[in-house]
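Okay, so here's the structure we're looking at.
The values are calculated or read from the model by the stated rules, or taken from the named source; none is laboratory data. Model, not experiment: these values are computed from the prediction. Because the Cβ atoms are built from the backbone with ideal geometry, glycine has one as well, and the counts that use them run over all protein chains shown.
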Ligand code: UDX
Ligand code: ADP
């Protein structure tokens, strides 16, 4: 049997991964009909909104959806119909870290993957290529295959592929247009290789062939965890060095620059920060830790666990610097926090360092004013309620205000904390901010985006992550 030529794709899950990825597939493959489905009606309604008020903010995404929606890109809540019609199905549902039961706090919650898989098995009446797109622990494809095979109807074949997504939020569209690589894992049987080729042909519409890597199923699954673990490890390494810089008067920017010049290391992803966030890094490392423990490799588990622990330390260290600098107490003090998203150019707040900082400030009984250009107010209240489970929302609201500009946030505050590297924070009129602040006025730059010398000339006391006073 020759590889199937894909003409209809269904994507289960219209989130940060499934939405942008399959919108780009539709744009680049006008001959393929792409239907993105989700159980969440509000999310699908937003994807279909007449004014393109999409449920996620991602630079360039609106343009892609404007061009493809209604042409060969559709958003729907009719999951069964889309499954039935498709010859290839991407499973892009969420896989959060388990909150209870075996592996709580470490293992991935595969409940959503499993129910999507069961749905495919229940409604499919023709052969399907099922593509695991969500980041999942190694060997999840095997479980999906067992479920599909145990529940399939006679004459219905399922081929499973792993095709992890490497896009980063904030640059998702650029990453999808020009990926470093596309990775496809399959069983090394003829059927597996044929399915792999079918998917490779879809990507070949815009990705150069030499960037489409085909490997075994489990290598593909592990590669995704490995890539995220190694990226996060770079940040934890540079953040560990930032602590040494602060203690000795070195400058982490200079150190990272010098280190990154080594062509074996390279200059990217060496920016010290207040800690990494996002839905992937922590979750995937904890998955790796859990996997290593399950495989009786405790030293390996411990090695990766340190990457997450260093990140927790970095966040705590930064809030402690704020408290120490403000004369060892922030009780009753007013602090502006600029940025709530886990990085710039996204409205996503999952695991954002900003949440940990604000929680620490509130536990010290400070008053916090938050400004973020893209994060919705309701999301901020939700995240803070989760971070402070014993605090009623009314109590949180007594200590926190959310405002609509950086200038408004900074007025009459004792300190300003930069938690996200939004470009607009570089362009603030700092003289005006200084004039409106209580004195002495402090700025804590957790993202190394401000010109500390200029701020000091204005009169601010400035603390920058990874920069100590010269010895
Ligand atoms: C990451 C991976 O980059 C991507 O390949 C994978 O598919 C999903 O996980 P994402 O979490 O969207 O993507 O963003 P990323 O740019 O990797 O940033 C993650 C966190 O690290 C952010 O909080 C960011 O601010 C922080 N970071 C990144 C640093 O602190 N320093 C850096 O040098 C780079
Ligand atoms: P990610 O960042 O991995 O894309 P998101 O949480 O943004 O994760 O998106 C995952 C989406 O998958 C959610 O919108 C959720 O409603 C959807 N989803 C989860 N389970 C199913 C399912 N069985 N059928 C359809 N959609 C699902």
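Candidates 166, 177: the one that is farther than 24 Å from residue 3 by Cα, within 16 Å of ligand 1 (Cβ to nearest atom) and touching a strand residue (DSSP E or B) at 6+ places or on another chain (Cβ under 8 Å) is 166.
Which ones in segment 28-62 are more than 24 Å from residue 112 (Cβ to Cβ) and in contact (Cβ under 8 Å) with a residue 60 or more places away in the chain?
Answer for segment 28-62, where residues must be more than 24 Å from residue 112 (Cβ to Cβ) and in contact (Cβ under 8 Å) with a residue 60 or more places away in the chain: 28, 29, 32, 59, 60.
Scanning segment 239-284 for residues that are closer than 27 Å to residue 106 by Cα and without any contact (Cβ under 8 Å) to a residue 40 or more places away in the chain yields a count of 2. When we screen 37, 4, 25 for residues that are near ligand 2 (Cβ under 10 Å from one of its atoms) and touching a strand residue (DSSP E or B) at 6+ places or on another chain (Cβ under 9 Å), the only hit is 37.
Here's the yes/no breakdown for (1) modelled with pLDDT under 95; (2) part of a helix (DSSP H, G or I):
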site: 416; (1), (2): no, no
site: 420; (1), (2): no, no
site: 425; (1), (2): no, yes
site: 434; (1), (2): no, yes
site: 439; (1), (2): yes, no
site: 444; (1), (2): no, no
site: 447; (1), (2): no, no
site: 456; (1), (2): no, yes
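In segment 429-449, what count of residues is obtained for those that are within 17 Å of residue 461 (Cβ to Cβ) and crowded, with 18+ Cβ neighbours inside 10 Å?
Of the residues in segment 429-449, 10 are within 17 Å of residue 461 (Cβ to Cβ) and crowded, with 18+ Cβ neighbours inside 10 Å.
Scoring residue 279 on the criteria (1) under 21 Å from residue 308 (Cα atoms); (2) modelled with pLDDT under 95; (3) part of a helix (DSSP H, G or I) leaves a single failure, condition (3). Restricting 13, 60, 70 to residues that are under 21 Å from the mean Cα position of the chain (by Cα), surrounded by fewer than 18 Cβ atoms within 10 Å (Cβ to Cβ) and in the same structural domain as residue 165 (by TED's automatic domain parsing) narrows the list to 60.
Give me the residue from segment 387-410 that is touching a helix residue (DSSP H, G or I) at 6+ places or on another chain (Cβ under 8 Å) and either at pLDDT below 95 or in a helix (DSSP H, G or I) (or both) and, out of that set, nearest to residue 58 (Cα to Cα). Ranking the qualifying residues of segment 387-410, first place goes to 406.
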